[in-house]
Ligand SMILES: [Zn+2]
């Protein structure tokens with residue numbers, strides 16, 4: 001239900017603007033990529049009328065793009081040999097390896113940040129000010145195991161392929177470092193909106209780890225109505241087909257009606 005809420009919100013928002021909704025599979029880590037799960041996500045979205053307007057983009061097929069970006073950023077970066085153990089309990093990277101310009105085996109690439117205050121706008125949360133050196137410090141853009149990081153891949157793809165990013169609030173703090181990368185690559189950033197995520201009554205996020213119940217794909221109409229309720233869109237109670245629901249949702253969509261906090265997920269409320 002949590003994933004459906006975010007997917008539906010981004011679909012309605014971009015469709016109402018006359019845009020295209022394009023699914024992206026973030027599969028940069030081959031060891032963590034589960035092809036059955038990916039097929040399942042696509043199937044579930046389809047069942048709920050959420051169909052990508054282009055062939056879904058897989059990050060794993062854009063590695064050349066990320067390698068090129070890394071080359072562009074090397075002048076602003078350094079090789080970090082610190083072990084996970086050396087950095088545990090440290091919130092902001094203290095710059096131990098800032099002087100290392102020689103690549104060696106088993107090192108990550110970190111980008112050097114500065115202390116200039118910046119700001120970005122979020123369509124739902126308003127303006128956010130940040131100072132890179134205070135908020136996130138020098139961060140890893142290329143991993144020790146020679147894979148691109150989530151930040152670098154996402155910054156490249158979001159800036160190059162998308163005009164609007166609507167995603168869950170749990171990714172809000174990722175925005176500033178990703179904007180920092182876009183700035184250093186000379187890319188124009190997309191527009192952002194972060195919507196609250198679905199939680200249980202105790203405030204924990206619904207996720208696979210918390211054993212969130214799978215959506216019942218036999219009742220997509222009911223799921224869509226519940227998702228719209230969570231999103232504050234005031235859905236009607238009459239019976240509609242999936243396509244009628246999606247048409248209604250796109251027509252009536254109001255981003256400003258999304259509450260600052262979603263009501264908690266209680267399974268019996270959705271019965
Ligand atoms: Zn280091």
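Return yes or no: is residue 33 away from the ligand (no atom under 15 Å from the Cβ), farther than 30 Å from residue 252 by Cβ and at pLDDT below 95? When the stated conditions are applied, residue 33 passes them.
When region 50-69 is filtered for residues that are buried (at least 18 other Cβ atoms within 10 Å of the Cβ) and assigned to a helix (DSSP H, G or I), the ones remaining, listed by number, are 59, 62, 66, 69. Condition first: in contact (Cβ under 8 Å) with a residue 40 or more places away in the chain, crowded, with 20+ Cβ neighbours inside 10 Å, out of contact with any strand residue (DSSP E or B) (no Cβ under 8 Å at 6 or more places or on another chain) and not in a loop (DSSP other than H, G, I, E, B). Can you find one or more residues in region 30-43 that meet it? Within region 30-43, none of the residues are in contact (Cβ under 8 Å) with a residue 40 or more places away in the chain, crowded, with 20+ Cβ neighbours inside 10 Å, out of contact with any strand residue (DSSP E or B) (no Cβ under 8 Å at 6 or more places or on another chain) and not in a loop (DSSP other than H, G, I, E, B). When region 16-29 is limited to residues that are closer than 22 Å to residue 152 by Cβ and assigned to a loop (DSSP other than H, G, I, E, B), the one that is nearest to the chain's Cα centre (by Cα) turns out to be 26. Every test in (1) more than 15 Å from the ligand (Cβ to nearest atom); (2) in contact with a strand residue (DSSP E or B) (Cβ under 8 Å, 6 or more places away or on another chain); (3) within 20 Å of residue 174 (Cα to Cα) is passed by residue 74 save one, and that test is (3). Of the numbered criteria (1) more than 30 Å from residue 269 (Cβ to Cβ); (2) buried (at least 18 other Cβ atoms within 10 Å of the Cβ), the one residue 166 fails is (1).
Residues are listed down the side, and each one gets a yes or a no for (1) modelled with pLDDT of 95 or more; (2) within 16 Å of the ligand (Cβ to nearest atom); (3) under 30 Å from residue 240 (Cβ atoms):
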position	(1), (2), (3)
13	yes, no, yes
20	yes, no, yes
42	no, no, yes
47	yes, no, yes
63	yes, no, no
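All of 17, 36 fail the test of being out of contact with any helix residue (DSSP H, G or I) (no Cβ under 9 Å at 6 or more places or on another chain) and over 27 Å from residue 65 (Cα atoms), apart from 17. Residues that are touching a strand residue (DSSP E or B) at 6+ places or on another chain (Cβ under 7 Å) and closer than 25 Å to residue 15 by Cβ within region 142-160 comprise 157, 158, listed in sequence order. Summed over region 78-125, the residues that are within 12 Å of the ligand (Cβ to nearest atom), surrounded by 15 or more Cβ atoms within 10 Å (Cβ to Cβ) and outside any loop (DSSP other than H, G, I, E, B) give a count of 6.
Table: residues versus (1) within 17 Å of residue 267 (Cβ to Cβ); (2) buried (at least 16 other Cβ atoms within 10 Å of the Cβ).
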{"residue": "177", "(1), (2)": "no, yes"}
{"residue": "195", "(1), (2)": "no, yes"}
{"residue": "215", "(1), (2)": "yes, yes"}
{"residue": "218", "(1), (2)": "yes, no"}
{"residue": "224", "(1), (2)": "no, yes"}
{"residue": "227", "(1), (2)": "yes, yes"}
{"residue": "230", "(1), (2)": "yes, yes"}
{"residue": "237", "(1), (2)": "no, no"}
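The values are calculated or read from the model by the stated rules, or taken from the named source; none is laboratory data. None of these values were measured; they are calculated from a predicted model. Please note: Cβ atoms are built from the backbone with ideal geometry, for glycine as well, and neighbour counts cover all protein chains shown.
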